Every structure is written in C-alpha cells, then in structure tokens.
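These notes concern the structure reproduced below.
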Amino acid sequence: MSLNPEPSQPEERAEHNLEPKSYADAAEPTPEPQSHERQPDGAADDAKEALKNKVDEHHNESKTNGTKVIRIVPAEEYEGEGQDNSPKSPTRNAHRRKSSLKSNGSLGRKHGEQLQHELFAKHTDGNGDTLTSVKPTAEYEFETRKDQKPKQRRNSELKSGRQAGEGWHKSKIRFAPLHVPLQRRLQTVAVLLHTLSIAGLVGIFFFLCAIPILWPILLPYLLYVLFSKAGESGELSFRSERWRRSKLWSLFASYFPARLHRSQELEPTRKYIFGYHPHGIISHGAFAAFATEALGFSQLFPGITNTLLTLDGNFKLPLYREYALRLGLASVSRESCENILAKGGPNNEGMGRAITIVVGGARESLESKPGTLRLVVRRRQGFVKLAIRKGADLVPVIGFGENEIYEQLDPHAHPWINRFQLLVKKIMGWTIPLFHARGIFNYDVGMMPYRRPMNIVVGRPIKVLQQQQPDKEYVEKVHEEYITELLRIWNDHKDQFAKERTEELKIIE
C-alpha cells in the first residue's frame, strides 16, 4: 500500500493514468499523509500555539460593551504548506454548493474567498462563559425569507376585473332604512305633494286635454282661468278654512318641524303687512305659517285674517289656481294688495286684514345658503309706501332655518351662471336657483327639503300713520325702523334658533 497521497489535480492524474476525480469525491477530505520523516520536537505545538495567538488577537480587539463580536478568519490563511511538497487536497467547505442551506460552513463562497460572518455573544451560561450565535449573510436571509411570495410565471398569473357592486357600501349616498314609522312616511308624502303641486296639477290638465270627450268642458274652463281676477279681487271668496286646517298640513309642518312664535299680540282692529325674511328657495316656512293653520296662526293672532301673496302668474295655471285660492293665497301685485287691505273686516274697510309679502323676492333666493342670512331689503321700499297709503302697521318676520333646508350652487363662484339667472329674473320676473337637497328614499340627492327645524319669529309691529301721498323722509324713517326691528329679532334669537350659523345677518341690498 502506497503511503503517498493520491493526486487530485487533473494533470497529475493524467500522468499516472488515473481517471478524473469527480466533484463529490474531490470534496471529501484527503487523508493526511504520513511522513517517515520525524518532525522536530515541539514543531506541531508551535504551529498550534501561533494559530491560537492570532485568533486571540482578533478576539481581544472586538470586545465592545460586554458583547463580543468575533470575525472568523478563513482557514486558508492558516494552512501550512505541508511537510512534503505534495499538492493539498481541496477543503470540504471550498466545494460546498451554494444551495446547501444547512451547512455550518461558508454559504456560496468560492475557493479562497474570505468569509464575512460575524459572531454575536449575547448570552452567558451558568459558568459565565459566553454563548455565541452566528449572524447569516444578507444573501442567506433573503433566500430563506418566508414572507416572500413565490414567483409565478407570467403565463400562469390570473388577473381579475372589478367586482360588480363592490363599492356599493362605500357610496356617499345614504339610503333611508326600510323600516320607518308610518308618520314619517306620511310627512314625506305631504311635503312631496306640495313641492310637486305646480308640475303635477298642470301635468294632469294636459293629460285631460288628450281626451277629446273632455274638450267641451276644458275649453271653457281654460278661458275662465285666463280672464279671471279672483287672485287680485281681494274678496277671498274661494278661501276654505276647512282646507287650511287639513291634517295634511300638520304632516307638512311636522316634517321639518316648523313652529311659529310671536313677540307681541296684535290688535284685531288694525291692518298689517307682514314682511317675511328670507325668501329661501321655495319659502316653505312662510307657507306653513301663513297659508295654513298647521302652526296655529289664528290662535296666536285671533281676529286677524292673513293672506300669503305669491306671483300673479300662478293664478293663470289650470288646476293649480284652484289649489292656491282654496288656501287663501293671492297675487302680490299692487292692485291685489290694496284690494285685500281695503275690503273685509267689521266695517268692510279692511280692519283685521293682513297680508304677508316675501320682501326679498327672487333676488334674495339666489343668496340662500345654509349657515347664512343675507337679505335684500335696503332697496325695497314699495311695501313701506303701501303700508303708509293704507295705514297698515309693518310687522317684520324672520324664518330661522329657511335657508338650511336646501343647498344650491354658489352664484358668486360661477359668475356666468349668476348673470344668466339675473337675466331670467329681469325678463320673466322669477329666476331658477340651481338647488338640491334629499330624495324620497335617500338623504343626499333630490329635490325634497332636508328635515331641519324652522322657527318663524313674528316681531313687534311698527305703527304707521296713513298718508295718501307718502313723504319721502317719512318713508325712509319707517323703513329704518323696520330694519332696526328686523335686527333686534336676529340678535335676540340667533343663539337659540341659529346655533350653526357661519356668519351674522347681512343686508346686501
């Protein structure tokens, strides 16, 4: 048996007619050659002592705050040349495959590459000796991470489209629940009927016109509507107290809810002109307080017959005209106002009569915005002159909450739209606010008003001396008194009825 080591290099194996050694066989450590030559005494011990001293030097240099950090020096740096000149066998770690993850040796290190592991000593055993742990390389940690998603081929990836109805629960539209008390349903129906009264009744009339058999009835009726003066005569002959006290209007007023408040009793032996502010979008507060008995007007002001005034054109609309006349509404024209205040009462001179005018009109409706109260009253002196000519006392009224029940497009932020609205008002006498509120079955989109409280406060009357030809100075004096009382109502009740206001009352015109 030969004591010489078997050649490992391919050239040397070829010279000895040996087959090439496989990679797995080469990874096995070659037995240490036994030399017949004796080494000097203590040579082996000296070599081991030198290796130990070098490791200790690295160990002492790496102590920091009681934690030892030791760099392992690769074994190749301490390999001897051998006692004979035979070639060295490759080390086991030099041929370790990169994919072997359980090895304690070098991971993915080529032969001769320096190892960069670090040892962390953070624990001690019962004898005080340090227990160390090995920090793996970054490459090893990346390959062994469990939170990495397995890579898939592009052809195997399955992509899906949007799920139908996925965002339904995230919709900004809040829908009303199915289980709602019957009273609230009836309140909604009452407000809906009044809101759609013009469009609905006129639509029914045109539907009837499509039936030829009804033409002999509809044609005379249409002529009667066009030439009738019932809305301006001041006689109030079509007024129905039974219709005004209907339970329908109690449901209407309780929808918001709305309440009527008085500051002072009114004498039934005088005439009055109520000035309602603000106009809002549709003036629901004025309708509930002065066109019906839902809020108890006759109880707060006994002996006073009040008439809410609206546009004269509304009394030219078939079927809606009958609806308005039964509620006691009348035209806001000058002739209508004078006739109402000159007729009726104990002596048929209008004593105990009252009319309600929404002073700001269509111009003020464009300023309707929640949290604000912007009034158009400085340039409106016609109702003051009317009061002086007829000897009627002026009574300011503020409808707190009237501007809260609708949202509308801000006309100041869109000047072109505002100009168009003012042009329509100049030509037609009315305008088109771009508004929205809630719907029948939702709380965010629709033309139904919001359920927000309204409080209509009637101020103190301003005594007026009758003059057939009102003096300009006296008109201005009464007008200033009216505005002063209007401001008093606001200042006295704003903290109670306008808690969520964003600004104070402003008189813009």
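Odds and ends about this structure:
- On the basis of the beta-carbon distance and an R0 of 51 Å, LYS472 and ARG162 show a calculated FRET efficiency of 0.10.
- Cα gyration tensor shape for the stretch 167-275, rounded if a/c is under 1.5, else prolate or oblate: oblate
- Close amide H partners of LEU308, meaning residues 5 or more places away or on another chain with modelled amide H under 5 Å apart, are ALA330, THR356.
- For the Cα trace of the stretch 351-509, dividing Rg by the Kirkwood Rh returns an Rg/Rh value of 1.00.
- Note that the stretch 467-483 has calculated 3J(HN,Hα) couplings of 9, 6, 10, x, 6, 4, 5, 5, 4, 5, 5, 5, 5, 5, 5, 4, 5 Hz, one per residue in order, obtained from phi through the Karplus relation 6.51 cos²θ - 1.76 cosθ + 1.60 (θ = phi - 60°); glycine and proline are x.
- Members of LYS229/LYS271; LYS271/LYS499; LYS172/LYS316; LYS425/LYS472; LYS385/LYS426; LYS247/LYS477 lying beyond 32 Å, as alpha-carbon distances in this model show: LYS271/LYS499; LYS172/LYS316; LYS247/LYS477
- With all protein chains in place and a 1.4 Å probe, the accessible surface of the stretch 404-509 carries 57 percent carbon and sulfur.
- Coupling constants for the stretch 182-194 follow from the phi torsions by the Karplus curve (6.51 cos²θ - 1.76 cosθ + 1.60, θ = phi - 60°), and in residue order they are 4, 4, 5, 5, 5, 4, 5, 5, 4, 5, 5, 5, 5 Hz; glycine and proline get x.
- Inter-label distance for LEU300 and TYR221, nm, one decimal - labels placed 7 Å from Cα along Cα-to-Cβ: 3.6
- For the stretch 302-398, taking the reciprocal of the average inverse distance between every pair of different Cα atoms yields a Kirkwood hydrodynamic radius of 14.9 Å.
- The 3J(HN,Hα) values that the Karplus relation (6.51, -1.76, 1.60; θ = phi - 60°) gives for the stretch 374-382 are, in residue order, 10, 10, 10, 9, 4, 8, 9, 10, x Hz. Gly and Pro appear as x.
- The slack between ILE417 and GLU349, meaning 0.36 nm per residue of separation minus the straight C-alpha distance, is 19.8 nm.
- Fully extending the segment from ARG239 to ILE432, taken as 0.36 nm per residue of separation minus the present Cα-Cα distance, adds 66.5 nm.
- Label separation (SER228 vs VAL189): 2.7 nm, computed from points 7 Å beyond Cα along the C-beta direction.
- In the stretch 181-225 the Cα-Cα distances spread across 10 Å bins starting at 0 as 24, 35, 23, 15, 4 percent of all pairs.
- Spacing of the two label points (7 Å from each Cα toward its C-beta) at GLN264 and GLU504, in nm: 2.4
- Segment ASN442-ASP495, extension gain: residue separation times 0.36 nm, minus the distance between their alpha carbons: 16.0 nm
- Cβ-based net charge around LYS477, under 15 Å, with every Lys or Arg adding one and every Asp or Glu removing one: -3
The values are calculated or read from the model by the stated rules, or taken from the named source; none is laboratory data. Only a predicted model underlies this, so the values are computations on that prediction, with no experimental measurement involved. Please note: Cβ atoms are built from the backbone with ideal geometry, for glycine as well, and neighbour counts cover all protein chains shown. Quick note on the areas: whole protein, heavy atoms, side chains included, nothing else; ligands and nucleic acids left out. Shrake-Rupley method; radii C 1.70, N 1.55, O 1.52, S 1.80 Å.
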